[in-house]
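For reference, the structure discussed in these notes is given below.
The values are calculated or read from the model by the stated rules, or taken from the named source; none is laboratory data. This is a predicted model, so every value here is computed, not measured. Ligands, DNA and RNA are stripped out before the accessible areas are found, and what is left, the full protein with its side chains, is counted by its heavy atoms. Shrake-Rupley method; radii C 1.70, N 1.55, O 1.52, S 1.80 Å.
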Amino acid sequence: SVFFQKPCPLCDEAKEVLEPYKRRFILQEVDITLPENSVWYDKYKYDIPVFHLNGKFLMKHRVDLQKFEDWLTKLELQSG
C-alpha cells in the first residue's frame, strides 16, 4: 500500500519508480485525506508517502529500491 495525499510530488515520483515492478505486486493507494482513512492521516500526515508491504511498514518519503527488491524477493520465495 502507498499512503498519500494530494498534492504530493514525492508520491508521484515514488509511483513512477515502482512502475517497472507492477507485475510483481498489487499497488493499493490509500488517500489519507478521505474521512474513512483518518486514522492513517493522524499517523502519517507528516511522512507521506508511506509504504506498506503485506500490511507491514516498509519505508517512507522515498522508495529505497534495494530494500523494496529484497522484501519483494523474500515474499515471492515464501509464496512460491
- line: By my count, strands (runs of 3 or more DSSP E) wholly in the chain with at least 3 residues that are open to solvent by 80 Å² or more (accessible area, probe 1.4 Å) are 56-60
- request: Using the structure shown, decide if H61 is within 12 Å of the chain's Cα centre (by Cα) and on the phi > 0 side of the Ramachandran plot.
  value: yes
